[in-house]
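The values are calculated or read from the model by the stated rules, or taken from the named source; none is laboratory data. Given the structure is predicted, the values throughout are model-derived calculations rather than measurements. Cβ placement follows ideal geometry from the backbone for every residue including glycine, while neighbour counts extend to all protein chains displayed.
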Amino acid sequence: MHEYGFILLLLIVSIIIALVLFMISFTMVTKESTPEQKSSYECGFDPFSDTRNRFDVRFYLVAILFIIFDLEIIFLFPWSISLGYLDFFGLIVMFLFLFILAIGFVFEWLKGALEWE
């Protein structure tokens, strides 16, 4: 149970810091709002149309591709650090992982998800 004491202490300290920062920001904020604060913001000028327009599906495909390749990098960091301790099997497994991701990238590319019209 002693090992978890540090985690509990870290949790308590982080909650206290979050509450103190919240209270400071709550007390320092101005209560009155200006017309500029109430207006909608779209690149510094008035919006052209309704803000509830639909997005193109390709926007979401590019976002998903970004998340996939971001996760790939997250998996590559621990693998690269422990590469000295892994045997040949670890190298093959990581190349298989990269190959599967490359197949997904080529599929998205061939489907035209990365091309804007």
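Does the range 18-26 contain at least one residue that is loosely packed, with under 10 Cβ neighbours inside 10 Å and either at pLDDT below 90 or of a type in the set (S, T, Y) (or both)?
First, pick out the residues of the range 18-26 that are loosely packed, with under 10 Cβ neighbours inside 10 Å: 25-26.
So of that shortlist, the ones also either at pLDDT below 90 or of a type in the set (S, T, Y) (or both) come out as 25-26.
Yes, some residue in the range 18-26 is loosely packed, with under 10 Cβ neighbours inside 10 Å and either at pLDDT below 90 or of a type in the set (S, T, Y) (or both).
Rundown of residues vs (1) modelled with pLDDT of 85 or more; (2) outside any helix (DSSP H, G or I), yes/no style:
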residue	(1), (2)
E3	no, no
I7	yes, no
I15	yes, no
E72	no, no
G84	no, yes
F97	yes, no
W109	no, no
